[in-house]
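Undergrad: Got a structure for you, written out below as structure tokens; questions coming shortly.
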Amino acid sequence: MKYGTFFSYWEKDWKGDYFKYVRKAKDLGLDVLEVSAGELLNLSKTQLQELNALSKDLNILISSNIGPAKKYDVASNDPEIRKRGIKYLCDIMDSMSILGSEKLVGVLYSFWPYDFIDLDKEGNWNRGVESCKIMGRHAEALGIDMCLEVVNRFENMILNTAEEAVRYVKEVDNPNVKILLDTFHMNIEEDYIPDAIRHAGKLLGHVHVGESNRKLPFDGPGSLDWRAIGTALNDIGYDQYVIAEPFVTIGGQIAKDIKVWRDLSGNADEAMLDEAARGSANFLREAFKA
Amino acid sequence: MKYGVYFTYWVNDYVEQFVDFIPRANKCGLDILEVGAFDFYKQNDEYFRQMRAVAQDNGIILTAGYGPSRSNNIGSADSSVVRHATEFYRETFRKMQIADIHSIGGALYSYWPIDANEDFDKEADFHRSVKGMKVLADMAADYDVTLNMEALNRFEGYLINVAAEAVKYVKAVDKPNVKVMLDTFHMNIEEESLIDAIRTAGSYLGHFHVGEANRCPPKSGRMPWAEIGQALKDIHYDGNVVMEPFVRMGGQVGKDIRVWRDLSNNADDAILDNNLTESVQFLRKTFG
């Protein structure tokens, strides 16, 4: 398994200097940097190529994360919006191809955060599946894995459990369309987290890790059972990325979207945030050993 | 400790009549039925006398829950809302006393559920809310009512998400009938350690809601029930323990609680009642 962190850990808004963060990932002993996929459309072809070269040079893999805005909702009952959303995610995949990023992850089947105005789950499910089939073919052609994120009930209504995601992804029926399970969301919705992981099995394409309150995974009382989670991942032969998605500071659009209402970082400065990320990844490497 | 259930286990709408649930709670082996106080202000006094009589006949204690509408936000920056809220609560407490209901819990310090598109000023809202709650507390005392401040997860509230924040608030209000309320569903998201959270609340804990992580009735899920029971004993909590399960989709409740899949295993009413009966037996055994 390869270990990494979502760059948003260090930022207040959903954008950042990815050159800086690829270097930081290297300094902290990580294998992967996860970036905001939408931001890639703002980088020129040259910048994407340079970032690709830098990441190869430093041996850092890149995964791309997105919760699409409502105007890009591929499950919308407005066909124009669906078309626009599919084009948006396919354009992102084209940029990812230049960048050399092979994982597109997030709420790709809907929009985020959800506003719970349209509550027709079946309609959104079916339309989303059709859109994912179309996008899946684009992903297949580029060698990119689309990993659909299962999220808690407050953030979307279509995929809240591994069981639902497995059914969904089987309907899409494309080898490049898989599942992303996130321990924060699983801790709310699943009966048992290791069982959810086992249920996803070979369809699990990406993993997000974080404590129940979205702090970095740690060892000790009050933490999730990381060893049981590691055992489940090894049992299903999962060998892809494990990305920490911590949200611990207040202020800015990220805190608003993630609903962080109190500081969870211990008033950390950048150096402290860095050390915490390094320590957490090292802990997980140990806890997830086969 | 006494054990109960919130009425929304059985219905997915904010009903007007609770008396039918009283004998049902009794049949399931419960001590308490928790009702919703959202409509109390508009019912006539006879309604509450009837509720009291039925509860007495069935040996059931009544408690109340309430998630305030925006127009009843005691911490609002709009003074006309605060006035409206104060009158709403005054009438609600008066009627609670008629029904022999002495505890009301929820996000009484704010409104529910929050609209996260709003820009919250947490510090200013905290101070305004504390000020308003002191007034509500004195009113509630006239009617022999305790107010329980519930810590909620981040998606449903912003002012009080953890026991430590609830204790800070309750200390600031500084009234004997304003206490902390914890709920295992919310704690499972926001607290690092449920046990530490319970200990933090300590003697301020006035009400306790229980449920599994995904809001199924307590039993064989992954909430650390034995440790929770021990923590409640350690702080000498001898109050009410109310289950708040949400397992069916549909209705306004299904929308508010965000239930997007059936968690009842297609249970009919008989199975629902059976599960509840087993849950309370499990809690009595585990909490001692």
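Undergrad: Calculate, in nm to one decimal, what A:Glu50 and A:Ala271 gain on full extension: separation in residues at 0.36 nm each, minus their alpha carbon distance.
TA: Contour length minus Cα-Cα distance gives 76.9 nm.
Undergrad: Going by amide H atoms built from the backbone, whose H comes under 5 Å of the H on A:Tyr241, apart from near neighbours?
TA: Amide H neighbours of A:Tyr241, under 5 Å, 5+ apart: A:Lys2, A:Val207.
Undergrad: Taking a threshold of 21 Å on the Cα-Cα distance, which of the pairs A:Lys20/A:Lys56; A:Lys2/A:Lys202; A:Lys103/A:Lys256; A:Lys45/A:Lys103; A:Lys103/A:Lys259 fall above it? All intermediate terms of the calculation are to be shown ahead of the outcome.
TA: Details: A:Lys20/A:Lys56 14 Å; A:Lys2/A:Lys202 17 Å; A:Lys103/A:Lys256 26 Å; A:Lys45/A:Lys103 19 Å; A:Lys103/A:Lys259 26 Å.
Among A:Lys20/A:Lys56; A:Lys2/A:Lys202; A:Lys103/A:Lys256; A:Lys45/A:Lys103; A:Lys103/A:Lys259, the Cα-Cα distance tops 21 Å for A:Lys103/A:Lys256; A:Lys103/A:Lys259.
Undergrad: Per residue and in Å³, how big is the convex hull formed by the alpha-carbon atoms of the stretch A:129-172?
TA: Per-residue hull volume (Cα only) is 69 Å³.
Undergrad: I've got another one for you. Which residues' amide hydrogens lie under 5 Å from the amide hydrogen of B:Ile32, considering only partners 5 or more residues apart or on another chain, with H built in the peptide plane?
TA: B:Tyr3, B:Gly4, B:Val5, B:Ile61
Undergrad: Here's a follow-up. Which listed residue (A:Phe247, A:Phe288, A:Trp261) has the Cα farthest towards the positive end of the charge dipole for the stretch A:240-290, taking +1 on Lys and Arg C-beta and -1 on Asp and Glu C-beta about the Cα centre?
TA: So the residue we want is A:Phe288.
Undergrad: For the stretch B:1-58, just say rounded, prolate or oblate: build the C-alpha gyration tensor, square-root its eigenvalues into a ≥ b ≥ c, call rounded for a/c under 1.5, and beyond that prolate if a/b exceeds b/c, oblate if not.
TA: Since a/c reaches 1.5 but b/c is at least a/b, the shape of the stretch B:1-58 is classed as oblate.
Undergrad: Using θ = phi - 60° and the Karplus curve 6.51 cos²θ - 1.76 cosθ + 1.60, what whole-Hz ³J(HN,Hα) does each residue of the stretch B:103-108 get, with Gly and Pro shown as x?
TA: Running phi through 6.51 cos²θ - 1.76 cosθ + 1.60 with θ = phi - 60° gives 9, 9, x, x, 7, 4 Hz.
Undergrad: Who wins for biggest fluctuation among A:Val105, A:Val207, A:Val260 in a Gaussian network model of chain A, springs between alpha carbons below 10 Å?
TA: Highest fluctuation among the options: A:Val260.
Undergrad: Suppose every Lys and Arg Cβ carries +1 and every Asp and Glu Cβ carries -1, with no other charges. What dipole size does the stretch A:70-223 come out with about its Cα centre, to the nearest 20 debye?
TA: Roughly 360 debye for the stretch A:70-223.
Undergrad: Identify which of A:Lys215, A:Lys83, A:Lys259 has the largest mean-square fluctuation in a Gaussian network model of chain A, with springs joining Cα atoms closer than 10 Å.
TA: Largest GNM mean-square fluctuation: A:Lys259.
Undergrad: When the helix-only estimate is applied to the protein assembly as shown (DSSP H runs of n ≥ 4, each -39,500 (n - 2.57), divided by the residue count), what is the mean residue ellipticity at 222 nm, nearest 500 deg cm²/dmol?
TA: -13500 deg cm²/dmol
Undergrad: Here is a follow-up. Which aspartates and glutamates, on any chain, are close to B:Lys95 with Cα under 14 Å apart, when same-chain ones fewer than 8 places away are left out?
TA: Within the straight-line limit of under 14 Å, B:Lys95 reaches these aspartates and glutamates: B:Asp39, B:Asp45, B:Glu46, B:Glu87, B:Asp142, B:Asp144.
Undergrad: Nearest 0.05, what FRET efficiency do A:Ile117 and B:Glu87 give at R0 = 51 Å with Cβ-Cβ as r?
TA: For A:Ile117 and B:Glu87, the calculated efficiency is 0.95.
Undergrad: Among B:Ala77, B:Ala25, B:Ala163, which one shows the highest mean-square fluctuation when chain B is modelled as a Gaussian network with alpha-carbon springs under 10 Å?
TA: B:Ala77
Undergrad: Kindly state, to the nearest 0.05, the FRET efficiency for B:Gln281 paired with A:Lys87, given R0 = 51 Å and r defined as their beta-carbon distance.
TA: E between B:Gln281 and A:Lys87, to the nearest 0.05, is 0.35.
Undergrad: Along the Cα→Cβ direction, 7 angstrom out, place labels at B:Lys168 and B:Asp20. What is the inter-label distance in nm?
TA: With each label placed 7 Å out from Cα toward Cβ, I get 4.5 nm.
Undergrad: Another question, then. Ignoring ligands, DNA and RNA, how do B:His236, B:His84 rank by accessible area with a 1.4 Å probe, largest first? Could you put the intermediate results ahead of the total?
TA: Values: B:His236 155, B:His84 95 Å².
Highest to lowest solvent-accessible surface, that is B:His236, B:His84.
Undergrad: Grab the beta carbon distance between B:Ala124 and B:Arg199, set R0 = 35 Å, and tell me the FRET efficiency rounded to 0.05.
TA: Here the calculated transfer efficiency is 0.70.
Undergrad: Right, another one. Would you be so kind as to identify which of B:Gly65, B:Gly75, B:Trp112 lies farthest towards the positive end of the dipole of the stretch B:1-118, taking Lys and Arg as +1 and Asp and Glu as -1 on Cβ and the Cα centre as origin?
TA: Most positive-ward Cα: B:Gly65.
Undergrad: Moving on to the next point. Read phi for every residue in the stretch B:130-141 and hand back ³J(HN,Hα) as whole Hz from Karplus 6.51 cos²θ - 1.76 cosθ + 1.60, θ = phi - 60°, with x for Gly and Pro.
TA: Those phi angles translate into 4, 4, x, 5, 4, 5, 4, 4, 5, 4, 4, 4 Hz.
Undergrad: At 7 Å along Cα-to-Cβ for each site, give me the label-to-label distance between B:Gln97 and A:Arg167 in nm.
TA: 5.2 nm
Undergrad: Separate question: Sticking with the crude label model, points 7 Å out along Cα→Cβ, report the distance from B:Asp144 to A:Tyr192 in nm, one decimal please.
TA: About 4.8 nm separates the two model spin labels.
Undergrad: Output wanted: per-residue J couplings in Hz (rounded whole) for the stretch B:48-64, from phi through Karplus 6.51 cos²θ - 1.76 cosθ + 1.60, θ = phi - 60°, x for Gly and Pro.
TA: After applying 6.51 cos²θ - 1.76 cosθ + 1.60, I find 7, 5, 5, 4, 4, 5, 5, 4, 4, 4, 9, x, 10, 8, 9, 10, 10 Hz.
Undergrad: On the full set of protein chains, 1.4 Å probe, figure out the accessible area of B:Lys171 and give it in Å² to the nearest 10.
TA: 120 Å²
Undergrad: Need one word for the stretch A:95-221: rounded, prolate or oblate. Basis is the Cα gyration tensor (sqrt eigenvalues a ≥ b ≥ c); a/c below 1.5 gives rounded, then a/b vs b/c decides.
TA: oblate
Undergrad: Quick check on chain B: take the gyration tensor over C-alpha atoms, sort the square-rooted eigenvalues as a ≥ b ≥ c, and tell me if it's rounded (a/c under 1.5), prolate or oblate.
TA: Verdict is rounded for chain B.
Undergrad: Taking the stretch B:70-149, which GluC sites (Glu not before Pro) meet the DSSP loop condition and have no more than 14 other C-beta atoms within 10 Å?
TA: B:Glu118
Undergrad: Around B:Leu108, which amide H atoms from residues at least 5 apart in sequence, or from another chain, sit under 5 Å from its own amide H, with H modelled in the peptide plane?
TA: Placed amide hydrogens put B:Glu150 under 5 Å from B:Leu108.
Undergrad: Further question: On a 24 Å Cα-Cα criterion, which of the cross-link pairs B:Lys2/B:Lys219; B:Lys2/B:Lys179; A:Lys70/A:Lys121; B:Lys171/B:Lys255; A:Lys24/A:Lys215; A:Lys83/A:Lys133 come out too long?
TA: Numbers: B:Lys2/B:Lys219 17 Å; B:Lys2/B:Lys179 18 Å; A:Lys70/A:Lys121 16 Å; B:Lys171/B:Lys255 34 Å; A:Lys24/A:Lys215 19 Å; A:Lys83/A:Lys133 13 Å.
Exceeds cut-off: B:Lys171/B:Lys255.
The values are calculated or read from the model by the stated rules, or taken from the named source; none is laboratory data. Note that this is a predicted model, so its numbers are computed, not measured. All Cβ positions, even for glycine, are placed from backbone atoms using ideal geometry, and neighbour counts span all protein chains on display. With ligands, DNA and RNA removed, areas are computed over all heavy atoms of the protein, side chains included. Shrake-Rupley method; radii C 1.70, N 1.55, O 1.52, S 1.80 Å.
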